[in-house]
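Student: Take a look at the following structure, please.
The values are calculated or read from the model by the stated rules, or taken from the named source; none is laboratory data. Bear in mind the structure is a predicted one, so any value in this text is a computation, not a measurement. With ideal geometry, Cβ positions are generated from the backbone for all residues, glycine too; neighbour counts draw on all protein chains shown. What goes into the accessible areas is simple: the full protein's heavy atoms, side chains included, and nothing from ligands, DNA or RNA. Shrake-Rupley method; radii C 1.70, N 1.55, O 1.52, S 1.80 Å.
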Amino acid sequence: MIEYGVMSDFEINKRVFAAVHGVKPLGYPHNADGRSVGNDCNGNYTWYDYCNDPADAWAIIVKHRICISPVTGEDGFPRGWLAKTEGVPSRGDDKPLRAAMIVFLMKLDRS
């Protein structure tokens with residue numbers, strides 16, 4: 001089983017991009033943030049950051065009915081985020097969209 005939790009945002013973004021677009025992204029991240037993935041269409045580059053940009057991740061979250069909830073410790077302070085969907089274990093992370101993208105990839109692994 002793949003351990004997505006130890007992967008960088010760039011590695012997760014690459015896997016999500018390939019799953020959504022059906023092609024491999026460029027083999028290097030966007031220079032500005034070091035984590036966005038993209039492709040080239042006739043010299044026009046389009047970049048995606050599913051782990052950090054709601055505009056990129058939201059359609060996936062809705063389509064796959066991924067629920068994102070805050071996790072609060074017994075002391076009432078935030079402890080991170082939990083993402084879940086039917087058929088796969090829930091996943092926690094410090095970043096809500098990253099947790100959702102890991103759940104998305106886990107769901108694809110089970111199909």
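Student: Would you mind telling me which numbered condition in (1) touching a residue at least 24 places away in the same chain (Cβ under 8 Å); (2) more than 20 Å from Val6 (Cα to Cα); (3) not β-branched (Val, Ile, Thr) Leu97 fails?
Tutor: (2)
Student: Hey, another quick one. Can you report the number of residues in the range 21-31 which are over 19 Å from Pro54 (Cα atoms) and open to solvent by 60 Å² or more (accessible area, probe 1.4 Å)?
Tutor: Of the residues in the range 21-31, 6 are over 19 Å from Pro54 (Cα atoms) and open to solvent by 60 Å² or more (accessible area, probe 1.4 Å).
Student: Same structure, new question: Do you know which of the residues in the range 72-105 that are under 19 Å from Tyr48 (Cβ atoms) and open to solvent by 20 Å² or more (accessible area, probe 1.4 Å) is nearest to the chain's Cα centre (by Cα)?
Tutor: This residue is Leu97.
Student: I've got another one for you. Of the conditions (1) open to solvent by 30 Å² or more (accessible area, probe 1.4 Å); (2) in a loop (DSSP other than H, G, I, E, B); (3) without any contact (Cβ under 8 Å) to a residue 24 or more places away in the chain, Gly34 fails just one. Which one is it?
Tutor: Result: Gly34 passes all but (3).
Student: Given the structure, is Ala18 open to solvent by 60 Å² or more (accessible area, probe 1.4 Å) and in a helix (DSSP H, G or I)?
Tutor: Here the answer is no, as Ala18 does not meet what is asked.
Student: If you don't mind, there's one more thing I want to ask. Looking at Ser69 and the list (1) part of a strand (DSSP E or B); (2) open to solvent by 60 Å² or more (accessible area, probe 1.4 Å); (3) of a type outside the set (A, V, I, L, M, F, W, C), which single condition is not satisfied?
Tutor: With respect to (1) part of a strand (DSSP E or B); (2) open to solvent by 60 Å² or more (accessible area, probe 1.4 Å); (3) of a type outside the set (A, V, I, L, M, F, W, C), Ser69 is out only on (2).
Student: Something else: Can you name the residue in the range 1-15 that is over 15 Å from Lys95 (Cα atoms) and in a loop (DSSP other than H, G, I, E, B) and is also least open to solvent (accessible area, probe 1.4 Å) among such residues?
Tutor: For the range 1-15, the residue satisfying everything is Ile2.
Student: Where the second residue is among the aliphatic types (A, V, I, L, M) and assigned to a loop (DSSP other than H, G, I, E, B) and the first is without any contact (Cβ under 8 Å) to a residue 24 or more places away in the chain and lies in the range 58-83, which pairs have Cβ atoms under 9 Å and are six or more apart or on separate chains?
Tutor: If the second residue must be among the aliphatic types (A, V, I, L, M) and assigned to a loop (DSSP other than H, G, I, E, B), the pairs left are Ala83/Ile66.
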